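Here's the structure we're looking at; comments come further down.
The values are calculated or read from the model by the stated rules, or taken from the named source; none is laboratory data. Bear in mind that the values here come from a model prediction, so they are computed numbers and not experimental data. Positions of Cβ are generated from backbone atoms using ideal geometry, with glycine treated the same way; all protein chains shown enter the neighbour counts. Surface accessibility is based on the protein's heavy atoms, side chains included, excluding ligands, DNA and RNA. Shrake-Rupley method; radii C 1.70, N 1.55, O 1.52, S 1.80 Å.
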Amino acid sequence: MGKDAVDHTSSAAPPAGEEKCPLSDEQREQWLRMHSREQPTESDPAPLSEDRQLSSIPRTDTGKNWVYPSEKQFRDSLLRKGKNAVPLPATGGSSGGGGAPPGADDAVYRSIIPIHNSVNERVWRCIREWESPGGGLRGGGAAGPGSGDITLTSFKGDFRKWTPRAWIRHYVFRMSRPFDRHDWLVHRTQSGRSLEYVIDFYYADSGRSNVPEVVLDVRPKLNSWEGVKLRVKHWFK
């Protein structure tokens, strides 16, 4: 994941109204569950950070960017819903049970924040590639001119609701199942129109001990003529 890390421009607390990031409380719990194999190697009693990072993702109609949660916010959002970090693989229990060392769950929260932020930045780069004049490209290449004229209006996630492509991949071709699914609404500032994107997240073995690899499948939804055009354009490349 290191190659996808983003150098954010600020970690200062954001103004009111910027309290969300492209990952819901329920999705955070799912990500913790999927990445819990990153076992902390030692106790770290230091308190979780309250610093937040500014994303590169513009927020529609605000002139500002979305802000990622701090380590403490990430944890507290789950605790407010009566949930804690997932059981640690090495101990079979979460904080306060199963012999887990003090601060072990906090170490899991610390490990998931860089992954969460980096993956969201990768999703946005993929969307910018689709929105570029040569849209429909895949990979890590730079987006073309015009792709900066988009903003993110809203997002939602439901890992229980599989996309048709994910269902076919898993049940027909016996490929891995996604661990999460997002729907992002993108606003095109020049035309004033919006386009929905769907993202399937897959977990893959990176070959490195305790380091997860998140594979993305980002594409426009087929619920609009513009989405269909972009997908067809990609198929014929």
Of the residues in segment 175-187 that are open to solvent by 20 Å² or more (accessible area, probe 1.4 Å) and at pLDDT 95 or above, the one that is farthest from the chain's Cα centre (by Cα) is His187
Test: Gly82 is surrounded by fewer than 16 Cβ atoms within 10 Å (Cβ to Cβ) and at pLDDT 90 or above:
no
Can you name every residue in segment 147-174 that is touching a Pro at 6+ places or on another chain (Cβ under 6 Å) and closer than 15 Å to His187 by Cα?
Thr151, Phe155
Residue, modelled with the lowest pLDDT, within segment 63-79, restricted to residues that are over 13 Å from Leu48 (Cα atoms) and of a type in the set (Ser, Thr, Tyr)
Ser77
Can you go through Ser49, Ser36 and tell me which one is surrounded by fewer than 18 Cβ atoms within 10 Å (Cβ to Cβ) and either at pLDDT below 85 or assigned to a loop (DSSP other than H, G, I, E, B) (or both)?
Ser49
